[in-house]
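The values are calculated or read from the model by the stated rules, or taken from the named source; none is laboratory data. Everything numeric here is computed off the predicted structure, so don't read it as measured data. Note: ideal-geometry Cβ built from the backbone for every residue, glycine included; neighbour counts use all protein chains shown.
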Amino acid sequence: MKSYMHITESGYDPERGKPIKDPYLGDLPSLGACMPNIRRLVVPGDHVFTMSGKIPGVHQFIIGGFEVAEKISALAAFRRFPEQRLHLVDGQVTGNIIVDSRGRQHPLDDHENFANRVQNYLVGRDAVALSTRREFERGREETLYVLRQLLRKNGDSPIKVMGRWCRLDEQQTRELTDWLLDIKSGH
């Protein structure tokens, strides 16, 4: 088992920025179009973790992650998970399935490299995600320290410690999951 952690795009933060639509860290977690390199590399049993994007004056934090249960095509995801299809909510695009019913690029998806982004839709299980103000605050306070300890590398920001994304081994995956669970339990 291995895992990958990535930083989402600048400006995306569940509390202080744009809402994060990919990955989805709810009851049935998924990663649909972002990070095609990570989606290609993982296999069932691996884990994927996501960090908030850079926002001036706001500490980034590890939002959460999930275990990969399976990899499917975006068209298969379209059929199985209608709630994750791209759609508008209060004028904001949400969802992480970027195809229409025929497997073509959905009109709400304005990204390039469509062909690279429709393979390896990740269906997850056992998501652990920070979701309350208290959890966000603790995550913001501790993430940089946790990254430095996990990766045994110094840096004054997450990107300087891990780059845009990094691979974690089994022990690091357990430690990161335990830390997130500790925050969730209020310890």
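Just so you know, in the stretch 150-164 the residues that are of a type outside the set (Asp, Glu) and not in a helix (DSSP H, G or I) include one that is surrounded by the fewest Cβ atoms within 10 Å (Cβ to Cβ), and it is Arg152.
There is no residue in the stretch 39-50 that is more than 30 Å from Lys160 (Cβ to Cβ), of a type in the set (D, E, K, R), within 17 Å of the chain's Cα centre (by Cα) and not in a loop (DSSP other than H, G, I, E, B).
Contact list please: Cβ distance under 7 Å, first residue in the stretch 165-187 and buried (at least 19 other Cβ atoms within 10 Å of the Cβ), second residue of a type in the set (Asp, Glu), pairs at least six apart or on different chains. The qualifying pairs are Ile183/Glu135.
The residue list Arg125, Arg133, Arg138 contains one member that is of a type in the set (D, E, K, R), in contact with a helix residue (DSSP H, G or I) (Cβ under 8 Å, 6 or more places away or on another chain) and closer than 26 Å to Gly64 by Cβ, which is Arg138. For Val128, the conditions (1) modelled with pLDDT of 95 or more; (2) assigned to a loop (DSSP other than H, G, I, E, B); (3) aliphatic (A, V, I, L, M) all hold with the exception of (2). Between Leu181, Leu147, the distinction of being among the aliphatic types (A, V, I, L, M), touching a Gly at 6+ places or on another chain (Cβ under 9 Å) and either within 27 Å of Gly26 (Cβ to Cβ) or assigned to a helix (DSSP H, G or I) (or both) belongs to Leu147 only. Taking the criterion of being among the hydroxyl-bearing types (Ser, Thr, Tyr) and over 26 Å from Pro158 (Cα atoms), would at least one residue in the stretch 32-50 satisfy it? Looking for residues that are among the hydroxyl-bearing types (Ser, Thr, Tyr) and over 26 Å from Pro158 (Cα atoms), one finds none in the stretch 32-50, hence no. Scanning the stretch 78-107 for residues being among the charged types (D, E, K, R) and part of a loop (DSSP other than H, G, I, E, B) gives a total of 4. Scanning the stretch 51-60 for any residue that is closer than 21 Å to Leu180 by Cα and assigned to a strand (DSSP E or B) turns up at least one such residue. None of Glu70, Glu83 is surrounded by fewer than 16 Cβ atoms within 10 Å (Cβ to Cβ), charged (D, E, K, R) and either touching a Cys at 6+ places or on another chain (Cβ under 9 Å) or within 25 Å of Asp169 (Cβ to Cβ) (or both) except Glu70.
Every test in (1) touching a Lys or Arg at 6+ places or on another chain (Cβ under 9 Å); (2) modelled with pLDDT under 95; (3) not aromatic (Phe, Trp, Tyr) is passed by Leu88 save one, and that test is (1).
Against the criterion of being surrounded by 19 or more Cβ atoms within 10 Å (Cβ to Cβ), touching an Asp or Glu at 6+ places or on another chain (Cβ under 7 Å) and of a type in the set (S, T, N, Q), Ser30 does not qualify.
Of all residue pairs spaced 6 or more apart or on separate chains, those with beta-carbon atoms under 7 Å, a first member in the stretch 38-59 that is among the charged types (D, E, K, R) and a second member that is modelled with pLDDT of 95 or more and outside any loop (DSSP other than H, G, I, E, B) are Arg39/Leu31; Arg39/Leu122; Asp46/Ser3; Asp46/Val68. Leu150 meets the conditions (1) in contact with a strand residue (DSSP E or B) (Cβ under 9 Å, 6 or more places away or on another chain); (2) at pLDDT 95 or above; (3) farther than 18 Å from Phe49 by Cβ in every case but one. The failed one is (3).
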